[in-house]
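The values are calculated or read from the model by the stated rules, or taken from the named source; none is laboratory data. Given the structure is predicted, the values throughout are model-derived calculations rather than measurements. Cβ coordinates were reconstructed from backbone atoms using ideal geometry, including for glycine residues, and neighbour counts include every protein chain displayed.
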Amino acid sequence: MDSRKKEQDETEDDVTFEENYDEDTDTAIDSKRNIKKIKDKLKECQREKGEYMEGWQRAKSDLVNIRRKYEKEAQEAGEASERNFAKRILPILDSFSMAISNRKSWEELPEEWRKGMENIHNQLIKVLKEYNVLPFSPLNESFDPFFHEAVGTVEVNESHKDGLIVEVVQEGYIMEGEILRTAKVKVGEYIDKEEKDETEN
């Protein structure tokens, strides 16, 4: 009797153990599935994060490039506006220079009037200097079509003056190192007298 009871108890223990083992196995499988799901979700999140980061960096780069472009365009527009302003002032300055250059007529004018005009002339020059507009007068320099505009030639007796600027008709101007207006000049032209006489004869 005791022997049967003992066997029955052992059998029940075996069954209970197997049931517990199956439950543990299912839990382990569920845990693995959950871990796999979490890992897959993590990979998906990392992929999305990478895409968002890449998109954000691209958008930031585009914004920086657009800002630089607009800043450059604004700067160029400002510089163009300053150049146009300076170009409009130059003819007025030329008129003053022409009036003052005729010393005989200029000295005949009333002194107060002359001083007033000279002050205006000096103020114009000062304003242009503030915009880095500077005159250049290329007398005795070699003719350069980039800086000079030839409006005539002058016959010269010395061969070394051939191609040199012998008269400045109108000053040129530069602004920030760039040509704002070329100088109008007359260029020396050397003609050998002997060759000239032979040609004439």
Quiz prompt | Number of positions in the stretch 90-105 that are closer than 19 Å to residue 170 by Cα and free of Cβ contacts under 8 Å to residues at least 24 places away in the same chain | solution = 8
Quiz prompt | Checklist (1) assigned to a helix (DSSP H, G or I); (2) at pLDDT 85 or above; (3) within 19 Å of residue 182 (Cα to Cα) applied to residue 98, failing item | solution = (2)
Exercise. Can you confirm whether the stretch 112-126 contains a residue that is surrounded by 13 or more Cβ atoms within 10 Å (Cβ to Cβ) and not in a helix (DSSP H, G or I)?
Key: no
Quiz item: If we scan the stretch 146-155, do we find a residue that is within 27 Å of residue 76 (Cα to Cα) and of a type in the set (D, E, K, R)?
Solution: yes
Quiz item: Does residue 58 satisfy the criteria of being within 28 Å of residue 179 (Cβ to Cβ), surrounded by 10 or more Cβ atoms within 10 Å (Cβ to Cβ) and modelled with pLDDT of 85 or more?
Solution: no
Quiz item: Within the bounds of the stretch 25-34, is there any residue that is at pLDDT 85 or above, more than 30 Å from residue 136 (Cβ to Cβ), of a type in the set (Asp, Glu) and in a helix (DSSP H, G or I)?
Solution: no
Quiz prompt | Lone qualifier among 87, 60 - being touching a residue at least 40 places away in the same chain (Cβ under 8 Å) and assigned to a helix (DSSP H, G or I) | solution = 87
Exercise. Inspect the stretch 109-118 for any residue being closer than 30 Å to residue 178 by Cα and free of Cβ contacts under 8 Å to residues at least 40 places away in the same chain and give the result as yes or no.
Key: yes
